[in-house]
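Take a look at the structure set out below.
The values are calculated or read from the model by the stated rules, or taken from the named source; none is laboratory data. If you're wondering where the values come from, they're calculated on a predicted model, not measured in any experiment. A quick note on method: Cβ atoms are made from the backbone with ideal geometry, for glycine too, and the neighbour counts reach across all protein chains shown. What goes into the accessible areas is simple: the full protein's heavy atoms, side chains included, and nothing from ligands, DNA or RNA. Shrake-Rupley method; radii C 1.70, N 1.55, O 1.52, S 1.80 Å.
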Amino acid sequence: MKPVLSTLSLALVFAFAFTACVPSPSQVEQAKHKAAADFLKQASEPASPPDQRAALYLSAAAAAWTDSSDLSARVIYNKAAADLTVLLRNAHQGQRWNRPLTLTTGTTTYRLHFAKATRNGVWDPNYFTSFTPAAEVRMKSIQRQNRQDGLGGALVGRHQPAQREVFTAPFGVTAPVTSILDFKGRDVTLTLIDPTKTPKSQVKGSERLLEADFSAPLASYPQKSEYWNGIMGALHVEAYMGKTGLFMLQPYDADRIPLIFVHGLISTPQMWRNVINEIEADPVLRNRYQCWVFSYPTGNPPAYSAMRFRQELDQFYKIYPHAKPYVLVGHSMGGLISRMEATTVTREAWDSIGKKKAQLFFAAIKKNSLVEQAIIFNANPHIGRLVFICTPHRGSQMALSKLGEFAQRLIFLPVEITASVAGSLVDSNAFAIFMGDSNRLPTSVTGLSPTNPMLKVLDAQTIQAPHHTIAGDQGKGNTPNSSDGVVPYWSSHLKSANSECIVPGPHGACELPQTLTELRRILHLHLNSTSCARLSHGPRIKTRLHPKSP
């Protein structure tokens, strides 16, 4: 609907423009709150002193507070609460933040206090180093905005301390925040609420739904070229080694289950943005899970990347020993890397490639070397469940094609890896023994070859956690003769899987509606399990989802 220009001020119209999902108040409703709108307009003047602006924001919120169930009043109140929070956090280099303030405008004086953190969903005001109104975050990368209408200022809180913390990206960590101003006369309490934990709050004696934007925190992360970084991370590995690591996308919460996403070849963690957004559209899932990503340059051999992932998970558990068991979701090669976290591979397991061949190979490498650490390992006991999406458990013929051979020649492994591998060898012919046809160092392409002995060894070992398969058939409905265009069904299929879902999509089927529905089903199943510490495999479910399916 076209905005109605009236004497209420351009500031109010500006507020309406950023609440496109909320019906616009009528001109009659606007006229009821002219005083609040005028205060809001004055507070928005950047040339005014910060303390005076803060008092005017409080006056706007207080005037709207008396009738906060009215849509027009709520829009004013919400914008005042959001903008006041941003102003106070930024003004005077943050020296006015999280301390009692006396703020005066005209003859009106307010006494402002900050609510302390609680376990039931109130943020510690000092945790966030900056705030951005959710309405100002560009949603270009998000396919569907996930928000709820209600009371309060919808913000994105960003935690980026001067000294970078473990498991945080350089940009920091973001979270949805709802700012509430609670008036008792001229005494005001500013409360920062986590709407994922507390979607409703007691306001003026009644429970009210809070305004919140759950997509804005994801959208606020830097939007780099996923395609370009995916290619360069595969080909020029050394330049991307510093990006290897386990990263939290939300502030750590011991009450939530770590849900860790692992991307595949020629990809980056950005590929999961809309998958995570769709999962968090479910109030139960966003309340019970906490999303993480494992990032790595995809030119490295899968066994090496899995070793790095193993080290990251070990460090995670040392820092957070009471964390709930992890759920891993891996796409393509990311599924193989995830599988290696829940599988034990001993020296004896390698005899499955032939005892003599195994003996020759291990005689050619040093004990406890990088190579041995990458190919002999124990299952992580803290993994509660895995989801494999289009995963080549037995490899892909594409790795053997001319394209695969060409890609293999383009990949340049980092000097630190090649030097470490060289130092791991007693016999320089070790990899000729291992691969059977070449002494060239393995890369991600050779790691995905059906002839790779590592895949044969893995395939013979038990996955020591409940696991599920999601595979694509390109909509042809021809399983078991199907393929997602890269990975054939014979490679993605696991007899041991608790469930198998065939979706009508290609290899990049992660954002397919059927994939998302199945992923949500599995996550709810995990919540309903009797124990997340060690889950039984339970009955196996097989489903087929084709274009004509309901």
For Ser44, what is the net charge nearby, where nearby means another residue's Cβ is under 14 Å from its Cβ and Lys, Arg count +1, Asp, Glu -1? -1
Taking H placed 1.01 Å from N in the peptide plane, check which residues at least 5 places from Tyr289 or on another chain put their amide H under 5 Å from its amide H. Ile257
Given a Förster distance of 35 angstrom, what is the FRET efficiency for Ile376 paired with Asp255, based on the Cβ-Cβ distance and rounded to 0.05? 0.50
Sorted by chain and then number, the residues having a modelled amide H within less than 5 Å of the amide H of Arg208, at least 5 places away or on another chain, are Ser201, Gln202, Val203
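Normalised by the residues of the stretch 63-218, what does the relative contact order come to in percent, with Cα pairs under 8 Å and at least six apart? Walk me through the numbers on the way to the answer.
Details: 300 pairs, mean separation 39.4, N = 156.
Rounded, it is 25 percent for the stretch 63-218.
Would you mind counting up the charge near Ser338? Only other residues with Cβ under 14 Å from its Cβ, with Lys and Arg at +1 and Asp and Glu at -1. Write out the running numbers ahead of the final one.
Details: positive: Arg308, Arg310, Arg339, Arg385; negative: Glu312, Glu341.
Net local charge, Ser338 excluded: +2.
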Ranking Ser44, Ser424 from most to least accessible area with a 1.4 Å probe gives Ser44, Ser424
Computed label-point distance, nm, for sites Ala47 and Asp70 using a 7 Å Cα→Cβ extension: 3.2 nm
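Can you give the Rg/Rh ratio of the stretch 223-375, where Rg is from the C-alpha atoms and Rh is the Kirkwood radius?
Working: Rg = 17.3 Å, Rh = 16.9 Å.
Taking Rg over the Kirkwood Rh, I get 1.02.
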Sparsely packed trypsin sites (Lys or Arg not before Pro) within the stretch 131-229, loop by DSSP, other Cβ within 10 Å at most 12: Arg138, Lys140, Arg144, Arg164, Lys204, Lys224
At 1.4 Å probe size, what's the solvent-accessible area of Glu518? Round to the nearest 10 Å². 10 Å²
Mind checking which aspartates and glutamates have their Cα closer than 20 Å to the Cα of Lys224? Skip sequence neighbours fewer than 8 apart in that chain. Glu136, Glu238, Glu511
Please compute the length gained on full extension between Ala35 and Arg99, using 0.36 nm multiplied by the number of residues separating them and subtracting their Cα-Cα distance. 20.2 nm
Cα→Cβ-extended label distance, 7 Å offset, between Lys367 and Asp149, nm: 7.1 nm
Expressed in nanometres to one decimal, the distance between label points 7 Å along Cα→Cβ at Glu207 and Arg164 is 4.3 nm
Calculated FRET efficiency for the pair Arg138/Phe183, C-beta based, R₀ 35 Å, to 0.05: 0.60
Taking the full set of protein chains and a 1.4 angstrom probe, give the accessible area of Arg347 in square angstrom, rounded to the nearest 10. 70 Å²
Taking Lys and Arg as +1 and Asp and Glu as -1, residues besides Pro506 with C-beta under 14 Å from its C-beta add up to -2
